[in-house]
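A quick write-up on the structure given underneath.
Quick note: the coordinates plus some simple rules give every number you see, no bench work behind them. A quick note: this is a predicted structure, and the numbers were derived from the prediction, not measured. Neighbour counts run over all protein chains shown; Cβ positions are idealised from the backbone, glycine included.
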Amino acid sequence: MDSKNIVFDKADTQKIIAFIENIGIEVKKSSIDEEIFLPGILIDKGVIIIDKDKLLYEGDLLHEAGHIATLEPQKRVKVYNDVSKNKGDEIATLAWSYAAAYYLKIDPKIVFHDKGYKGESSWLAEHYSTSGDIGVPLLDWMQLTSMSCRSKQGDIIFPNMKKWIRE
């Protein structure tokens, strides 16, 4: 079933799902009965599967989309459940998900909610909203955005993105 048949009560959730699909990541609705990393979300070969009844935090959808988007295409189609244990992947995803929240004009605390990020959620939201750059060098290296210190006139600078999916 495709996501057009997934109806959520929160407008931000609908906005997030539409964004994820518009950048080229497939979203499906299905019951998830196995043990998963995040409540209500399963990553299966680059597809985000949502169990609407188990999803607790819509911001987690952006974070998981960031994991998929920042992976190399050949890895993206192979990942399952807990996408990466690599710290570099994680920090790139943090920056990516903040940029997505910024683009969607949603509160970064929806992504960096109090029940995640090992108690650092408030700090992360503040860090990025005050021009913090954790993970941005990796997004720059992936050619998804530019860092202000290395940009030339006319470059697209974080939190704005040149593109959303790594090629």
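Each 10 Å bin from zero up to the one holding the largest Cα-Cα distance in the chain carries the following percent of pairs: 10, 42, 37, 10, 1, 0. Between Val136, Val77, Val111, the GNM of the chain built on Cα springs shorter than 10 angstrom shows Val77 fluctuating the most.
For the chain, DSSP calls about 65 percent of its internal beta bridges antiparallel. Over 28 Å apart at the Cα level, from the set Lys87/Lys162; Lys85/Lys115; Lys52/Lys78; Lys29/Lys109; Lys54/Lys163, are Lys54/Lys163. In segment 15-96, the alpha-carbon atoms span a convex hull of 87 Å³ per residue. Note on Leu139, Leu124, Leu56: ascending count of other Cβ atoms within 10 Å places them as Leu56, Leu124, Leu139, the fewest first.
Pairs of Cα atoms nearer than 8 Å and 6+ residues apart set the relative contact order; for segment 7-123 it is 23 percent.
Largest first, the extents of the alpha carbon coordinates of segment 80-167 on the three principal axes equal 40, 29, 21 Å.
Taking amide H positions as modeled 1.01 Å from N, with prolines and chain starts lacking one, no residue 5 or more places away or on another chain lies under 5 Å from Gly116. Considering only Ala99, Gly88, Gly132, the residue lying farthest towards the positive end of the dipole of segment 3-141 is Ala99, judged by Cα position with unit charges set on Cβ.
Relative to the longest principal axis of the Cα atoms of the chain, helix 11-22 runs at roughly 70 degrees.
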